[in-house]
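Everything on this sheet refers to the single structure shown next.
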Amino acid sequence: MLRELWASPWIQSAAVVVLSVIGAVILQRFLLTLLQRFTEKTASTLDDEIAAALRWPLVLTVVGTGLAFSATRLPMEPALHLGVERGIGSLIILLWAATFSRLSTTILSALAERKDHRSFIQPKTVPFFDILLKTASLLIGSYLVLITWNIDISAWLTSAGVAGIVLGLAAKDSLANLFSGIFILADGPYKLGDHIIIDEGTRGKVTDIGFRSTRLLTRDGLEITVPNSVMGNATLVNESGGPNPNIRIASIVEVAYDTALEQAISVLLNAAKQVPGIQTSREPRIEFREFGASGLVMHVLVWIRDPSDRPEVQHKLNLAVYRALSDASIAIPFPQQDLYIKELPAQTGS
């Protein structure tokens, strides 16, 4: 009696469905619960979010696989069997494509929260990479579904390749700016608020870093938009870079050759210490650099806190140096030439 009952395809199909449901319950109640308890002990919340996102896709995959296998036990036409298997397989593929699409956003957001400004994933690059990963999940999922239904897509791929080449050639400048912007955001040669100098001499404060261009605000209040392809190939000087934003500025002056160096250094040092806006924690320095054509070249070096203060402090420093040397009666030489006439040309006529 039991053998005859078990020989029924409907009973076998129902048994497969029941076993798949039991397997899904065991997977959810025990294995995934143990995994969740393990992830709760870690400091990061990323693994908890990943475990939670994988819970129901795993359960539904087990149930769907059981349903597909149970359908093969039923007395149906082979074409109908194949259609049911392919339909359930397609649903499972799309389920996992959607799962990976959601996980991409979670993982990218977690990576962007790290404080490493040189990380490849930055808050402003998250939308771009999120779109790329979502598009990749959709394309791969669609490709696997088409393969499941034995649909030949070679002609479509050829057409897509030709269209991609045409679009790439038509928008090569825009693509160059786009990829340069991604690498700038990822590599981090500068960030918002930095004062930079481009190799052509353009100086300004970074006010915006986009995928197409970078915007600079000059000291004259002008906003300059520079394509990212230019920024990516230019030699940049980041005045706000380094371990701290402090920078050193210099006032270069010449004193006459007959000047007492010790007196000149003392006068210049006292003048530099009185300049408003310099860092008091770092002493000014006076360096005798070279023998100039007209006098002794002295460099008065001071530190300032912010690159934006450079023009004002430079003006005050130059003014203080000039006044101090004038008050101390130390001459500032200027280029001059002496002309000696060996003989005058012979005069002709009267």
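We did not get these values from a lab; they are worked out from the coordinates using the rules stated. Quantities reported herein were computed from a predicted structural model and do not represent experimental measurements. Please note: Cβ atoms are built from the backbone with ideal geometry, for glycine as well, and neighbour counts cover all protein chains shown.
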How far is helix 310-327 tilted, in degrees, relative to the longest principal axis of the Cα atoms in the chain, given as a value from 0 to 90 rounded to the nearest 10? 20
Treating only the Cα positions of segment 247-327 as identical point scatterers, give the base-10 log of I(q)/I(0) from the Debye formula at each q in 0.11, 0.23, 0.24 Å⁻¹. -0.26, -1.05, -1.13
Given the options G241, G221, G66, which has the most mean-square fluctuation in a GNM of the chain, springs set between C-alpha atoms less than 10 angstrom apart? G221
Please compute the Kirkwood hydrodynamic radius of segment 292-341 from all pairs of different C-alpha atoms, in Å with one decimal. 13.5
Going 7 Å from the Cα of W10 toward and past its Cβ, which residues in segment 68-103 have a backbone nitrogen under 17 Å from where you end up? 70-77
Taking θ as phi - 60°, what are the ³J(HN,Hα) couplings along segment 69-83 by the Karplus curve (6.51, -1.76, 1.60), each to the nearest whole Hz, with x for Gly and Pro? 5, 5, 5, 5, 8, 7, x, 10, 5, x, 5, 5, 4, 5, x
Consider the candidate values (1) -0.62, -0.88; (2) -0.63, -1.05; (3) -0.28, -0.84; state which one is log10 I(q)/I(0) by the Debye sum over Cα atoms at q = 0.07, 0.12 Å⁻¹ computed from the structure displayed. (2)
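Taking 0.36 nm per intervening residue step and subtracting the Cα-Cα distance, what contour gain separates R212 from Q336 on full extension?
On the way: separation 124, 0.36 × 124 = 44.64 nm, distance 5.26 nm.
Working it through step by step, the gained length comes to 39.4 nm.
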In degrees, nearest 10, range 0 to 90: what is the angle between the Cα axis of helix 154-170 and the longest Cα principal axis of the chain? 20
Take the alpha carbon atoms of segment 39-115, find their center, do the same for segment 289-328, and report the distance between the two centers in whole angstrom. 69
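Quick one: length gained pulling Q279 to R305 fully straight, 0.36 nm per residue minus the C-alpha distance? If you can, show how the numbers build up before the last one.
Numbers: separation 26, 0.36 × 26 = 9.36 nm, distance 0.65 nm.
Extra length from Q279 to R305 when fully extended: 8.7 nm.
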Size of electric dipole in segment 184-340: Cβ of Lys, Arg +1 and of Asp, Glu -1, about Cα centre, debye, nearest 20: 480
Sequence order, segment 300-308: Karplus ³J(HN,Hα) from phi using 6.51 cos²θ - 1.76 cosθ + 1.60, θ = phi - 60°, Hz rounded, Gly and Pro as x, gives 9, 10, 9, 10, 10, 7, 10, x, 5
Here the tail fraction of P(r) beyond 20 Å, over all Cα-Cα pairs of segment 47-120, rounds in percent to 50
In sequence order, calculated HN-Hα J values of segment 230-246 (Karplus, 6.51, -1.76, 1.60; Hz; x Gly/Pro): 6, 5, x, 9, 8, 8, 9, 10, 9, 5, 9, x, x, x, 8, x, 5
